[in-house]
Amino acid sequence: MINYDLNTLTINGKHSWFLEYYDEILKGNIVVGRELRKQLENLIEDLNDDKYIYDNSDAELRIEFIETFVKHTKSPFNGMPFTLELWEKAVLEVFYSFKYVETKLRRFKKLVLLIGRKNGKSTFCAAISFAEFLVGDSGSDIVCSSNDDAQANLIFNEIANMRQKFDAKSKYTHKNLKGIFNKLNDSTITKLSEKTQNKEGRNINAAILDEAHEMKTNVIAKSIEQSQSTKDEPIFIIISTEGFVEDGYLDNELEYGRAVLNREIEDDELLVWLYTMDSETEIYTDRTSWQKANPSLGKIKKYSYLEGQLRKAQVSQADRIFVLSKDFNIKQNSVNTWLMEQYIKNNLKFDIEDFRDWIALAATDLSETTDLTSARILLLRKDNRQKFFFQQYFIPESKIEEGSNEDGIDYFQLAKEGFITISPGNEVDYSLVVAWYLSLYKKYGIRIYKEGHDRWNAKSFVKELDDYGIENEKITQDYMNLSNAMKSLEADLKSGNIVNYNMNPVDIFCLKNTGFVVDKLGRIMPTKALNKQNKRIDGSLTMIMCYVMLDRYKKEYMDIINYKC
């Protein structure tokens, strides 16, 4: 039995960072979520299990090395000694100290660390790797891995910077394009990512897998685990925040890890250390609860930063999703609903005659030839915050003959009311779209200053625009091009008095069907909302594309408007 004393915070007569951390939690000085508290309680129980011994000498060696020889390399801590936080010492101690009675080998081989961004997780793991490199087993192969080269480089470069400060003259170590090498004990540090060739056949002792939430498959992880299969005491540390990939590698690891945590599955060799919230509500009602996902809050991560992020989250649905996932480890769907109905409908109306002889920006979503096509102009006035949309939709005759109500909309009735043009045949005749743009000038004197369109089957359409002298360009439908425009449109729609689309019923239909996806940089782009896969979002796309055109040409366009006024 392991001798431990919660009163003196000692295990086998030595001070324990693990018990100190647990004691601070019990006293209420440190706030953690239910999942981490459960893990700590499990570990306390394991101290009473006769199959384990507790030897913290390996952990203390690495803690002492890090705090004595490792220096921070990033602002604002550059050059300062690396003083580990209590939670970092606790997880290090637990991982290295539990050993089997019979073999004296380390119990934990794998660590899953889920923690909010900006809590120093990558720097922490770089320090662990650097310690293994210098005071771990001789001849160790240490790998920094991630889904892509850039992310794998982050920890690798951090280790390289730590090495430079520790051994500036390369007396004991050296670095080249292949890796970092220890001249004294033959240990190496290299990188591994999805693009790395020859993932198999390695002989890895220790591996850090960073940002696991981005991985759709387990290719990299399996390569690491297979390479460690002959090792008695391998180290595999998975660090991540929550992400947006559905049924990806991290989801599977967390599902398994939580089953181990809850004693539903027996796996002595997995340590699950999850900094998670207990609910979304507590984020907005209890500021102290933020520590549950952010153990370095107040020391590395600032309260003011989180406050600012939450202010953005109250305005933008995309920011809300991103903050909940990245700062609070609350899993979000890969596809999220964009707008609530209260933000979609408004009572704004205008008469297109009021814009006679005006100038417009335009956007066209040609979509698939058998689908709905949307053409739209955006009109602005000097000293008026409103953005005025005038639009027309086009659909092939064959599509509505097959079943006009398949997506819950009566195209025949909308065509009678003038909202939709029915194109004879099996596909939309793009000449009708060009003709509609020309009709704006013939009927109202409205000229198109610039038109933007998606890439789909646009050659004949572009040629006609060129023939009529309408300047046009492509708008690639990706995060880079659409994110800012989509966020701006969302903010304007939520204001309730800026986006005037004449209460067009097809616009309303499209906006209701629109969801969004988020990338790792917090950028968004539109997609069909969950359970709306047979619905159409073409009108939402042209609204967003008009905002893209406005962003690209706002100064020139407003100069023309101001001149006309």
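The values are calculated or read from the model by the stated rules, or taken from the named source; none is laboratory data. All of these numbers come straight from a predicted model, not from anything done at the bench. Reconstructed Cβ throughout: ideal geometry from the backbone, glycine too, with neighbour counts over all protein chains shown. Surface areas here come from the heavy atoms of the whole protein model, side chains and all, with no ligands, DNA or RNA. Shrake-Rupley method; radii C 1.70, N 1.55, O 1.52, S 1.80 Å.
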* For the chain, what is the mean residue ellipticity at 222 nm derived from helices alone (per DSSP H run of n ≥ 4: -39500 (n - 2.57); sum divided by total residues; nearest 500 deg cm²/dmol)? -> -12500 deg cm²/dmol
* Asked: Largest first, how would Tyr563, Tyr343 line up by accessible area (1.4 Å probe)?
  -> Tyr563, Tyr343
* Partner lysines for Lys165 [C-alpha distance under 16 Å; skip if fewer than 8 residues away on the same chain] -> Lys71, Lys74, Lys175
* Going down the list Lys399/Lys442; Lys51/Lys110; Lys38/Lys326; Lys459/Lys535; Lys216/Lys535, which pairs span over 24 Å between their C-alpha atoms? -> Lys399/Lys442; Lys459/Lys535; Lys216/Lys535
* In whole percent, how big is the carbon plus sulfur part of the accessible area of segment 95-179, probe 1.4 Å, protein atoms only? -> 51 percent
* Return the percentage of antiparallel bridges among DSSP beta bridges fully within the chain, rounded to the nearest 5 %. => 45 percent
* Counting only protein chains, not ligands or nucleic acids, how are Asp357, Asp278 ordered by accessible area (probe 1.4 Å), most first? -> Asp357, Asp278
* To do: At q = 0.09, 0.12, 0.13 Å⁻¹, work out log10 I(q)/I(0) for the chain with the Debye formula, treating every Cα as an identical point scatterer and leaving solvent out; two decimals please.
  => -0.79, -1.08, -1.19
* Unit charges at the beta carbon, dipole of the chain: most positive-side option, Phe166, Gly522, Asn3 -> Phe166
* Partner lysines for Lys555 [C-alpha distance under 25 Å; skip if fewer than 8 residues away on the same chain] -> Lys382, Lys387, Lys450, Lys474, Lys487, Lys494, Lys564
* **Cα-based Rg of segment 1-160 normalised by 2.2 N^0.38 Å, two decimals** => 1.09
* Structure fact -> If each part is reduced to its alpha-carbon centroid, segment 342-380 and segment 291-337 end up apart, in Å, by 35 Å
* Set Lys109/Lys178; Lys109/Lys231; Lys443/Lys554; Lys312/Lys554 screened for pairs whose C-alpha atoms are more than 20 Å apart -> Lys109/Lys178; Lys443/Lys554; Lys312/Lys554
* Relative contact order, percent, the chain [alpha-carbon distance under 8 Å, six or more residues apart] -> 12 percent
* Alpha carbon centre of segment 1-77 versus segment 219-288: separation in Å? -> 19 Å
* **Cα gyration tensor shape of segment 204-320, rounded if a/c is under 1.5, else prolate or oblate by comparing a/b with b/c** => prolate
* Amide hydrogen neighbours beyond the local backbone of Thr514, cut-off 5 Å, H modeled -> Ala529
